[in-house]
């Protein structure tokens, strides 16, 4: 149980376009979802926390107008990278937790974004 | 603010040998502590966690970790490494609400025959 999926697993886009990444909890209701960014050979950096039905809380230094997060339902959160540029290329990972599973985050497999 | 240090960026061990991955944290009280494993191109899988109680924690895949308050450490151990253990390992801390997990920079484990 407690499976989180991400789609797509990888995406290549042109500079200036927008890309949407989906994060789904498949077998539980995710009251909170997290979005992380991982640079090559580096750790995961928390970008934002989203609670279902509420606006996301962004970490310091993360541009909320650039990284739009929507958590419209208890099983789906989306991250949209707007007007993507090469420096946005990274591995984006989501995780989800639930009030019934408060002591563990379940991570998705990640999405590799390459901006040309 | 909480922080996590994994001093070893890369470790190579022979298959069947024992393993210890180091993790030190900085936080005023006892945080929640985690070890995760990430295989190439994969998400993170929780190996084990410590919240309170017994300082020696057993996890999946034969891993264990010991919380040492006096040393602010939470080292991960395995008595006999298998080739399938080759991956990147992340230590993480949560200062107490499971909302702000801070990850270490990771230790990449290579297993040689």
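Look at (1) out of contact with any helix residue (DSSP H, G or I) (no Cβ under 7 Å at 6 or more places or on another chain); (2) buried (at least 20 other Cβ atoms within 10 Å of the Cβ); (3) under 30 Å from residue A:10 (Cβ atoms); (4) within 14 Å of chain A (Cβ to nearest Cβ) and you find that residue B:33 fails only one, number (3).
Annotation for the range B:79-87: at least one member residue is within 14 Å of chain A (Cβ to nearest Cβ), in contact with a strand residue (DSSP E or B) (Cβ under 8 Å, 6 or more places away or on another chain), under 30 Å from residue A:90 (Cβ atoms) and without any contact (Cβ under 8 Å) to a residue 60 or more places away in the chain.
Of the residues making up the range B:44-71, those that are surrounded by fewer than 16 Cβ atoms within 10 Å (Cβ to Cβ) and within 12 Å of another protein chain (Cβ to nearest Cβ) number 3.
Surrounded by fewer than 22 Cβ atoms within 10 Å (Cβ to Cβ) and more than 10 Å from chain B (Cβ to nearest Cβ): does that describe residue A:19? Yes; evaluated as a whole, the condition is true for this residue.
Throughout, read-outs are computed from the coordinates displayed, never taken from laboratory work. The structure displayed is predicted, hence computed values, not measured ones. Glycine also receives a Cβ, built like all others from the backbone with ideal geometry; neighbour counts cover every protein chain displayed.
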